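Notes follow the structure.
The values are calculated or read from the model by the stated rules, or taken from the named source; none is laboratory data. This structure is a prediction, so every number in the text was calculated from the model and none was measured. Neighbour counts are summed over all protein chains in view; Cβ atoms, including those assigned to glycine, are modelled from backbone coordinates with ideal geometry.
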Amino acid sequence: MAMNCKPVPTLDARINDIRMRTAEIVNNDIIPNEGRLWAERREGESFHERTEILELRAEIKEKVKKAGLWAPHLPKEYGGMGLDFLAHAYMNEVLAYAIGAASLFGVVAPNSGNQSILVKYGTEEQKQQWLMPLIEGTMESGFSMTEPHNPGSDPRSLTTAAVVDGDEFVINGHKWFTSNGIDADFFIVMCRVQDKDSTDPRSGPMVQIIVPAATKGVNIVRGIGVWGRRESDHCEVKYENVRVPVKNALGRVGEGHQAAQDRLGAGRIFHCMNSIGQMWRAFDLMVDRAAKREVHGGVLADKQFTQGAIADSYIDIQTARLFTIHAAEKIDQGLQAARTDISAIKVYVPAAYTRVVDRAIQIWGAAGVSNDLPLWGMYQGARTLRIADGPDEVHKILIAKNVLGQYAKGEGWDFGN
Ligand SMILES: Cc1cc2nc3c(=O)[nH]c(=O)nc-3n(C[C@H](O)[C@H](O)[C@H](O)COP(=O)(O)OP(=O)(O)OC[C@H]3O[C@@H](n4cnc5c(N)ncnc54)[C@H](O)[C@@H]3O)c2cc1C
């Protein structure tokens, strides 16, 4: 089923135009080809068959570029759309309707996050060496922050050390869940700059350092198996006496934590809009099935359990969507209070997404968990989102802290602002 995306009366013509043109490619070129575009390499698949899939992807990318819809996250001078915040958020919900569509529009995590960080913090030399090849697609990258022995939900606990030795950093640390680690040509590694003789592994300012994957001492231990799969591209990586030039620091020493927050902060709006696009898809699949499937002498749509699932999902999607747009508008206006709402949507949206997909799976029965539909992937993705990018509890703590702080100042919370 195609996404029913019409101009939104409250949006300006420019954003509506972007949404409509995005929907056209999603509906006409991506959804009808989903089965082929993302098919795993099959046993006995011929070279010709594989080439056809790659050609199809390239054709769609070319169409996207011609339509001026390539790389919504990048400024124009780097070949992107140069979109403002709200336009980007509104485009994302349309893009995310088709699984994998973002990659055909030039947005592939973690490369896209690394590109944005390089645009903001990179020196001219770093941009030429790492950013441009990443944009052109001749290089891949990873972001290496989380450590197995320290809680990722408290980034201040990280202990990967970078010791200055002459004009080099010597890096020692153990990371895991470094996504895209198998293909990455370089990693952006979150480290602490430490004195050679430091005895406190949690002391020292944070810095992000660009580390080429081919550097001696970068050891990919494994692609961690997730959700029952034997291997994934979320890698465990050991950095053992890795030497890189001091000029590979991305931004100033001490800016590392802020740079990571930049990456995650506003990005959470885009992730939530992605989730909303996917909920929209799950909802369409659910309602379509309910209208057609006959059980116990009538269509599912006539059963009140099904109607309840549809109504609850409608409420979940609308609440998640309006809440996210509300937070996006606050950020767009530069309002400090957005921080509380960003955390609130980071908790609310993945939970709502999980509920909607869960109901869609239930209504589809066995087909719901089959590989014939995208629901299984959505279900795993939604559940994972409650951990990645700051687990629920961390965001709830932040919400409560902000609210309690306001009351401690003698003011109540102003829900209108
Ligand atoms: C699919 C996937 C991809 C990822 N990709 C990357 C990547 O590319 N690069 C990267 O660096 N990292 C990546 N991560 C790691 C991710 O950022 C971390 O998993 C996340 O920050 C949580 O850290 P943790 O797993 O160490 O959990 P912990 O910090 O150990 O927390 C475990 C649990 O404790 C609970 N908890 C935490 N704090 C509190 C509290 N104060 N009160 C009560 N309960 C609490 C939460 O329920 C939390 O889920 C990825 C993770 C996944 C699952």
Among the numbered criteria (1) buried (at least 23 other Cβ atoms within 10 Å of the Cβ); (2) part of a strand (DSSP E or B); (3) within 15 Å of the ligand (Cβ to nearest atom), which single criterion is violated by Lys238? (1)
Kindly indicate the residue of region 182-217 that is of a type in the set (Asp, Glu) and more than 23 Å from the chain's Cα centre (by Cα) and also farthest from the ligand (Cβ to nearest atom) among those meeting that condition. Asp197
Among residues belonging to region 359-389 that are touching a helix residue (DSSP H, G or I) at 6+ places or on another chain (Cβ under 7 Å) and charged (D, E, K, R), point out the one that is farthest from Ile325 (Cα to Cα). Arg359
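Every residue, every condition in (1) out of contact with any strand residue (DSSP E or B) (no Cβ under 7 Å at 6 or more places or on another chain); (2) closer than 20 Å to Asp392 by Cα; (3) free of Cβ contacts under 8 Å to residues at least 60 places away in the same chain, yes or no:
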| residue | (1), (2), (3) |
| --- | --- |
| Ile220 | no, no, yes |
| Arg230 | yes, no, yes |
| Val237 | no, no, no |
| Val244 | no, no, no |
| Arg289 | yes, no, no |
| Gly297 | yes, no, yes |
| Ala311 | yes, no, yes |
Return the residue satisfying two criteria in turn: it lies in region 366-383 and is touching a residue at least 24 places away in the same chain (Cβ under 8 Å) and of a type outside the set (A, V, I, L, M, F, W, C), and of such residues it is nearest to Ile31 (Cα to Cα). Pro374
Quickly run through region 238-269 and pick out the residues that are within 20 Å of Leu118 (Cβ to Cβ) and of a type in the set (A, V, I, L, M). Val242, Val244, Val246, Ala249, Leu250, Val253, Ala259, Ala260, Leu264, Ala266
Residues being charged (D, E, K, R) and either over 14 Å from Arg339 (Cβ atoms) or more than 16 Å from the ligand (Cβ to nearest atom) (or both) - total across region 393-407: 1
Quick check: anything in region 46-61 charged (D, E, K, R) and within 16 Å of the ligand (Cβ to nearest atom)? no
Between Gly228, Gly251, which is on the phi > 0 side of the Ramachandran plot, at pLDDT below 95 and away from the ligand (no atom under 14 Å from the Cβ)? Gly251
Kindly indicate which of Arg289, Arg293, Arg281 is of a type in the set (Lys, Arg) and buried (at least 22 other Cβ atoms within 10 Å of the Cβ). Arg281
Go through the residues of region 223-233 one by one and say whether even a single one is within 26 Å of Leu118 (Cα to Cα), surrounded by 15 or more Cβ atoms within 10 Å (Cβ to Cβ) and not small (Gly, Ala, Ser). yes
Given Gly410, Gly390, which one is outside any helix (DSSP H, G or I) and within 16 Å of the ligand (Cβ to nearest atom)? Gly390
Looking only at strands (runs of 3 or more DSSP E) that lie completely in region 82-181, which have at least 3 residues being more than 26 Å from Asn28 (Cβ to Cβ), within 21 Å of the chain's Cα centre (by Cα) and within 16 Å of the ligand (Cβ to nearest atom)? 141-144, 168-178
So, in region 21-75, exactly how many residues are outside any helix (DSSP H, G or I) and under 24 Å from the mean Cα position of the chain (by Cα)? 12
Could you list, ordered by first residue, the pairs with Cβ atoms under 6 Å in which the first is in region 136-163 and free of Cβ contacts under 8 Å to residues at least 12 places away in the same chain and the second is more than 6 Å from the ligand (Cβ to nearest atom) and among the hydrophobic types (A, V, I, L, M, F, W, C), at least 6 apart or interchain? Asn150/Leu158
Sort through Ile399, Ile363 and tell me the only one that's more than 30 Å from Asn33 (Cα to Cα) and assigned to a helix (DSSP H, G or I). Ile399
Is it the case that region 372-380 has a residue that's under 20 Å from the mean Cα position of the chain (by Cα), of a type in the set (A, V, I, L, M), away from the ligand (no atom under 16 Å from the Cβ) and in a helix (DSSP H, G or I)? yes
Thr306 being over 23 Å from the mean Cα position of the chain (by Cα) and of a type in the set (Val, Ile, Thr): yes
